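Worksheet: one structure, shown below.
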Amino acid sequence: MTSAIAHLPAEPPAAFTDPASPVRLREIPFPAQVELRLDDGSPDASETSRFLVLRLPGAGHAAGDGEPYVLWLGPGWYLVVDREGGETELLAGLPDAVVVSAARTVLELSGPSARDVLSHDCPLDLHPRVFGPGRCAQTRLPGCR
């Protein structure tokens, strides 16, 4: 497999990797990612929660803080993210899921100034009162596909 950002320089600028930097950026390459479409509150949703050992998140939220974790993408629409190579196991327990791993990568922006950097081109209100821990949203960023 090839990283979605393989065309970029192999080593990011030191400012993005230094633990003391106000902003750090790293790729988390090749996580297993599957999309689920199901009716919230249905028996399928309950079975999915039991298999994942997580409650499916409500609107605008994420569930789990490890592998797997689940992002709410819209009513009855979820993205399950797991460790690299975990697609087979996810599909075994989630037979209606669709693998979307090849279509995405995960870029982690962290550090005390990460929210400020992200808010420059992001149309979402990222103020901590509105968009705090455990929240998720979909949006477009200029230059990203």
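The values are calculated or read from the model by the stated rules, or taken from the named source; none is laboratory data. Here the structure is a predicted model, which means the values were calculated and not measured. Cβ coordinates were reconstructed from backbone atoms using ideal geometry, including for glycine residues, and neighbour counts include every protein chain displayed. With ligands, DNA and RNA removed, areas are computed over all heavy atoms of the protein, side chains included. Shrake-Rupley method; radii C 1.70, N 1.55, O 1.52, S 1.80 Å.
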#### Entry: the chain: angle of helix 43-52 to the longest principal axis, Cα-based, in degrees nearest 10
50
### Task
Could you pull out which residues in the stretch 59-101 have an amide N less than 11 Å from a spot 7 Å beyond the Cα of VAL53, following the Cα-Cβ vector?
67-68
### Query
Can you give the relative contact order of the stretch 26-111 as a percent, counting alpha carbon pairs under 8 Å and 6+ residues apart?
45
### Relative contact order [Cα under 8 Å, 6+ residues apart], the chain, whole percent
30
#### Entry: Tensor-based shape of the stretch 14-57 (alpha-carbon gyration tensor, a/c under 1.5 rounded, otherwise prolate or oblate)
prolate
### Task
Keeping all protein chains in place, calculate the accessible area per residue for the chain (probe 1.4 angstrom), answer in Å².
66
### Query
When only the heavy atoms of the protein chains count and the probe is 1.4 Å, how do ARG26, ARG115, ARG37 rank by accessible area, highest first?
ARG37, ARG26, ARG115
### Message
Roughly how far apart, in whole Å, are the Cα centres of the stretch 114-133 and the stretch 32-66?
### Response
25
### Message
Using a 1.4 Å probe on the protein heavy atoms, what percent of the accessible area of the chain belongs to carbon and sulfur?
### Response
56
